[in-house]
Each structure stands twice: as C-alpha cells, then as structure tokens.
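Below: one structure, written as structure tokens.
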Amino acid sequence: MKYIEPHAHMVSRVTDDYERMAVAGCVAVCEPAFWAGYDRSAPAGFADYFCQLTEHEPKRAAKFGLKHFCWLCINSKEAEDVKLAAEVIALVPEFLGRPNVLGVGEIGLNKNSRNELQVLEMQIELAATHRQLILVHTPHLEDKWKGTRLILDALKNDRRIRPERVIIDHVEEHTIGMVLDAGMWAGMTLYPQTKCTPARAIDMLETYAGERLWLNSACDWGVSDPLAVPKTALEMKRRGHLAAAIDKVVYQNPRKFLSQSAHFKNAF
Ligand SMILES: [Zn+2]
C-alpha cells in the first residue's frame, strides 16, 4: 500500500518517524505552517520557519525517499496581534515560488475572535491574489461548528475563491456536511485523544462515499501518531473495505486535490 500524508508537522518529529512512515508506504508528506508551541516574537522568526519548511525539511524527508511539500501562512493561534500578522503575511509571497510550496495554510480560526477573523480575511486575500490553494484549520470542541460556519462564510464572500481548491481540515460529524455542501474538500484528522478516532473517520467515509475526503495524522509536538493514516487503512481493511476504496482515500484523493498545485503535479 502507498499513501500520502497530507497534514503532518514534521519539524516537530524525530527522524525515526520519517523512516517509520516510509516503511509503512508513505510516498509524500505535506506540512502546513503551524504554531511552534510558543509564540514567536518577531516576523524574522517566521521567515526562519519558512526557510526550514522549504529548504531543510525536504532534505530530511528525501533521505527516506519521501517527497516533502509545505503550506505557508501565520497560524490562527498567533493571529491576535494583527500588526505582527500583517508583517508575516507580507513575507509569504517571496516564498510561494519555491518548488515544494503548495499554497496558503493552515489558515483559519482558533477561538473565533474578531482579530483572528480579520487575519483570516487577509490570508484569503493573499491566496486569491496569488491564485493559491487553501488549507484551513478549524477550531476544536465547542468552537468548531461556529468557527467552521464563519470560515465558510469568509471564503464564500470572496468570489475569486473556487471551492474545489479549498480543503477544510479537522472536520467532525457535525461539520463535514456543511463543508462538502459548500463544494470544498474535507480532511479528517486522526488523533489518539482529541479529534477523530479511526472508527469515527471510517463511519464518515462510509456515510459520504469517500468523495472529496482525505485522512491525515496532523502529527505535531503533542500527543499524536505519525502512522495514524496507515493504521486507519488497516482498520478499513478489517471492516471489509476493498483495496481500491482504501487506495482512493489514502492516495488517489489527496493526489487529486494536491495536483491542482503545479508544484505537486510536477513532482509526481
Ligand atoms: Zn496542523
């Protein structure tokens, strides 16, 4: 089995994780820009991070035969400071032409605050101006439904945004329908404690016939599992899904969405 890991924060993982993912059949890993676990104090911290994502991390992945791609933005957890956010957003265009950059992400909301929403709109503008794919982070727990609604409204407000070029990540049972109804793609994040379990993800796959859906581990510096996608593929097999259905969700679907990026398409 081969698979694509469409959302993983590899800068936070040890090199052994790359080896384990490659052994499990991973052929490409995509890394959205994220919170470092602490707030960066200046735009230069983000510039260094963007260099790490576009220069250093692809070399680490290549040692295990893995292609590495990334998404760039300021994440919603650091978006309360609108002035800082504007300065970071201004840095992004010079990196968009680098060969492993897929688009703008993971943008979105964390606590659904007014400032976060303003920064989200600035980043939608960035993506629209530069014709970039968009990857969206949705808030957790009780904020998820409202946050997803606000994000969909902000995206729909910009007529330049084509829904099939947007993936809304971390969907759950109560948000997946509104994302697919909007014509966008939906990502299911497999987390050991919070977010989605393999069983819940497979229930959703069966309900929505696996169209415009992908699975990811979103592994980061917290309690998470870089092998969550292949483990869920194994659980799908146990539940009687055919090899073609498993291949569609763990390989063909992410490949189809990501191939809308010339950088991804050229590398495959
Ligand atoms: Zn993430």
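At a glance:
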quantity	calculated
Failed item, numbered, when Met236 is tested on (1) crowded, with 19+ Cβ neighbours inside 10 Å; (2) touching a residue at least 40 places away in the same chain (Cβ under 8 Å); (3) over 18 Å from the mean Cα position of the chain (by Cα)	(2)
Counted residues, the range 156-177 - those being under 17 Å from Lys144 (Cβ atoms) and open to solvent by 30 Å² or more (accessible area, probe 1.4 Å)	3
Condition check for Ile134: modelled with pLDDT of 95 or more, outside any helix (DSSP H, G or I) and open to solvent by 10 Å² or more (accessible area, probe 1.4 Å)	no
Near pairs, Cβ below 6 angstrom, 6+ apart or cross-chain, from the range 206-227 (over 25 Å from Ala182 (Cβ atoms)) to any residue that is away from the ligand (no atom under 16 Å from the Cβ) and in a loop (DSSP other than H, G, I, E, B)	Leu227/Ala24
Meets criteria (out of contact with any Pro (no Cβ under 8 Å at 6 or more places or on another chain), open to solvent by 20 Å² or more (accessible area, probe 1.4 Å), at pLDDT 95 or above and among the aliphatic types (A, V, I, L, M)) for Ala47	yes
Condition check for Ile176: more than 16 Å from the ligand (Cβ to nearest atom) and either under 30 Å from Tyr38 (Cβ atoms) or among the β-branched types (Val, Ile, Thr) (or both)	yes
Set Ser224, Ser261: member being among the hydroxyl-bearing types (Ser, Thr, Tyr), under 30 Å from Leu96 (Cβ atoms) and more than 16 Å from the ligand (Cβ to nearest atom)	Ser261
Residue selected from the range 66-90 under the condition part of a helix (DSSP H, G or I) and within 23 Å of Asp169 (Cβ to Cβ), by the criterion most open to solvent (accessible area, probe 1.4 Å)	Lys77
In the range 30-45, the residues that are within 16 Å of the ligand (Cβ to nearest atom) and either small (Gly, Ala, Ser) or part of a strand (DSSP E or B) (or both)	Cys30, Glu31, Pro32, Ala33, Ala36, Gly37
Scope the range 1-29; condition in a loop (DSSP other than H, G, I, E, B) and either among the basic types (Lys, Arg) or open to solvent by less than 40 Å² (accessible area, probe 1.4 Å) (or both); matching residues	Lys2, Pro6, His7, Ala8, His9, Arg13, Ala24, Gly25
Close pairs from the range 54-67: first closer than 20 Å to Leu96 by Cα, partner in a loop (DSSP other than H, G, I, E, B) and among the basic types (Lys, Arg), Cβ under 6 Å, at least 6 apart	Thr54/Arg98
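Results for (1) β-branched (Val, Ile, Thr); (2) surrounded by fewer than 24 Cβ atoms within 10 Å (Cβ to Cβ); (3) in contact with a Pro (Cβ under 9 Å, 6 or more places away or on another chain), shown as yes or no for each residue.
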{"residue": "Arg98", "(1), (2), (3)": "no, yes, no"}
{"residue": "Asn112", "(1), (2), (3)": "no, yes, yes"}
{"residue": "Leu117", "(1), (2), (3)": "no, yes, no"}
{"residue": "Leu126", "(1), (2), (3)": "no, yes, yes"}
{"residue": "Lys144", "(1), (2), (3)": "no, yes, no"}
{"residue": "Thr148", "(1), (2), (3)": "yes, no, yes"}
{"residue": "Ala154", "(1), (2), (3)": "no, yes, no"}
{"residue": "Gly183", "(1), (2), (3)": "no, yes, yes"}
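The values are calculated or read from the model by the stated rules, or taken from the named source; none is laboratory data. Note that the structure is predicted; figures quoted are calculated from it, not measured. When we count neighbours, we look across all protein chains shown, and the Cβ atoms used for this are built from the backbone with ideal geometry, even at glycine. Each accessible area value is taken on the protein alone, full model and side chains, heavy atoms only, with ligands, DNA and RNA left out. Shrake-Rupley method; radii C 1.70, N 1.55, O 1.52, S 1.80 Å.
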